[in-house]
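Quick notes on the structure that follows.
The values are calculated or read from the model by the stated rules, or taken from the named source; none is laboratory data. Predicted, not measured: the structure shown is a model, and the values here were computed from it. We place every Cβ from the backbone using ideal geometry, glycine too, and count neighbours over all the protein chains shown. Accessible surface is based on the protein model in full, side chains and every heavy atom, while ligands, DNA and RNA are left aside. Shrake-Rupley method; radii C 1.70, N 1.55, O 1.52, S 1.80 Å.
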Amino acid sequence: MQSFATIVTLWIDGTGVFVDIKDRLGRLGDDVAAYALHTLGWVRIIQIAGYSEFGFDARSVHAAAFDAMVDAIERQSRANSLHLLRVEVFDGQEWQHQTSADPRQVVRFAQHVRTQVAGSTDTTILHQIPYSLDRIWGLGDPQIRAVADAWRASSGVLSTTLDTAITRDCPDRSVKVMVPAGATFRFDRYRSSRTGPWDRTVWNGFQGNTVQSVVPDPVLAQAVTRTGELVLRSGLPRLERCRGPVLASDGLRDFAWYRLSLPVWRPGDNLDGTPFGVLTVLSPDWREDEAA
């Protein structure tokens, strides 16, 4: 009778702990694995009999995950000196690999590639496409149009007119005003959407805190920050269509939405100067995926 080798896939998270990816991210799939590797900086281990394969993204892997991987390699080699080891490292362009029964050789290879490419730009899984502002009036969303009209009528000043549009005309839209806070932004005000990715406990932590510290999805936090920086520097509005996986409260889910980002000033501010902050309104794209 023919025997079959069991294939086991293990994951090490950013803290260096072995975790169940389905429990942590809600489901399995190639997109979930890519998200864990490239966005969360986890390490994947595939074991087949006397063979173990270790994979990570050199740009995003966390130090604790990398150290735990090295420990796992050394433990396996001590237990079985004939165990075949393979390390696969994504360098931003392609997967580099090294196979050997010598743990020192594969560890040196992993350390070398990681050192060479550490700090490179993260893989972007979330897609953001800039759109013409004229599309605002063709989205079929009266709430986002009301904010755009009020912003234009008030010349970008946080006036009563704009405040009214924000609070009354967008009850089912995520609306936020972000102000600069060092290298990121702080939520000066935030109202969540009932169709958004997180539960009430997460939403309640946004007000007054920075984007990087409270947004559960690191790629989304980075995308929001970059757009905010563009709007702040240019003093011009920006419309983007966003689509991709988001780490929600119940696991990884696909979303599609439009993000309108508007520079805003306080009453009395010099309108030729740097804006006080960025007003952002999200409009779910109901045509595909889930709403945001």
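Extension gain VAL179-SER213, at 0.36 nm per residue separation less the Cα-Cα distance, in nm?
In short, 10.8 nm is gained.
As a check on your grasp of the helix formula, calculate [θ] at 222 nm for the chain: sum -39500 (n - 2.57) over DSSP H runs of n ≥ 4, divide by the residue count, round to the nearest 500.
About -9000 deg cm²/dmol.
How much accessible surface area, in Å² rounded to 10, belongs to the heavy atoms of TYR51 with a 1.4 Å probe?
Here the residue's solvent-accessible area equals roughly 50 Å².
How far apart, in nm, are the 7 Å Cα→Cβ label points at ARG86 and ARG226?
A separation of 3.2 nm, rounded to one decimal place.
How large is log10 I(q)/I(0) at q = 0.10, 0.14, 0.17, 0.23 Å⁻¹ when the Debye formula is applied to the Cα atoms of the stretch 169-292, each weighted equally and without solvent?
These q points yield log10 I(q)/I(0) values of -0.29, -0.57, -0.85, -1.53.
Just to compare against my own numbers: the Cα pair-distance distribution for the chain, 5 Å bins, whole % per bin, please.
1, 5, 11, 14, 15, 13, 10, 8, 7, 6, 4, 3, 2, 1, 0, 0, 0
From the residues ALA223, GLY26, LEU10, which one has its Cα farthest along the dipole of the chain in the positive direction, the dipole being from +1 and -1 charges on Cβ of Lys/Arg and Asp/Glu about the Cα centre?
Value computed over the given set: ALA223.
Tell me whether the stretch 47-109 comes out rounded, prolate or oblate; compute the Cα gyration tensor, take square roots of the eigenvalues as a ≥ b ≥ c, and use a/c under 1.5 as the rounded threshold.
prolate
Show me the three semi-axes of the equivalent ellipsoid for the stretch 126-184, from the C-alpha gyration tensor (sqrt of 5 times each eigenvalue), largest first, rounded to whole Å.
One finds semi-axes of 19, 18, 12 Å for the stretch 126-184.
Among 91-102, 246-257, 54-65, what's the highest-first ranking by average C-beta atoms within 10 angstrom per residue?
Peptide ranking by packing, descending: 54-65, 246-257, 91-102.
Just to confirm, what accessible area per residue do you get for the stretch 1-156 at 1.4 Å probe, in whole Å²?
It amounts to 54 Å² per residue over the stretch 1-156.
Which order, highest average first, do 143-151, 130-138 follow once you tally other Cβ atoms within 10 Å for each residue and take the mean per peptide?
143-151, 130-138
Enumerate the amide H contacts of TYR258 below 5 Å, restricted to partners 5 or more residues apart or on another chain; note that Pro and chain-start residues carry no placed amide H.
Under 5 Å from the amide H of TYR258: CYS242, SER283, ASP285.
Using unit Cβ charges (K, R positive; D, E negative) and no other charged atoms, how large, in debye to the nearest 20, is the dipole of the chain about its Cα centre?
Once rounded to the nearest 20, the dipole reads 440 debye.
Could you give the length gained on full extension between LEU133 and ASP20, defined as 0.36 nm per residue of separation minus the Cα-Cα distance, in nm?
The span from LEU133 to ASP20 would gain 36.4 nm if fully extended.
Which of GLN98, ASN209, SER174 sits farthest toward the positive end of the charge dipole of the stretch 76-226, with +1 on the Cβ of Lys and Arg and -1 on the Cβ of Asp and Glu?
Ranked along the dipole, the leading option is ASN209.
Residue separation times 0.36 nm, minus the C-alpha to C-alpha distance between ARG75 and ALA101: what's the value?
Net length gain for the segment: 8.1 nm.
Which value, in debye to the nearest 20, gives the size of the charge dipole of the stretch 1-135 about its Cα centre, when Lys and Arg are +1 and Asp and Glu are -1 at the Cβ?
240
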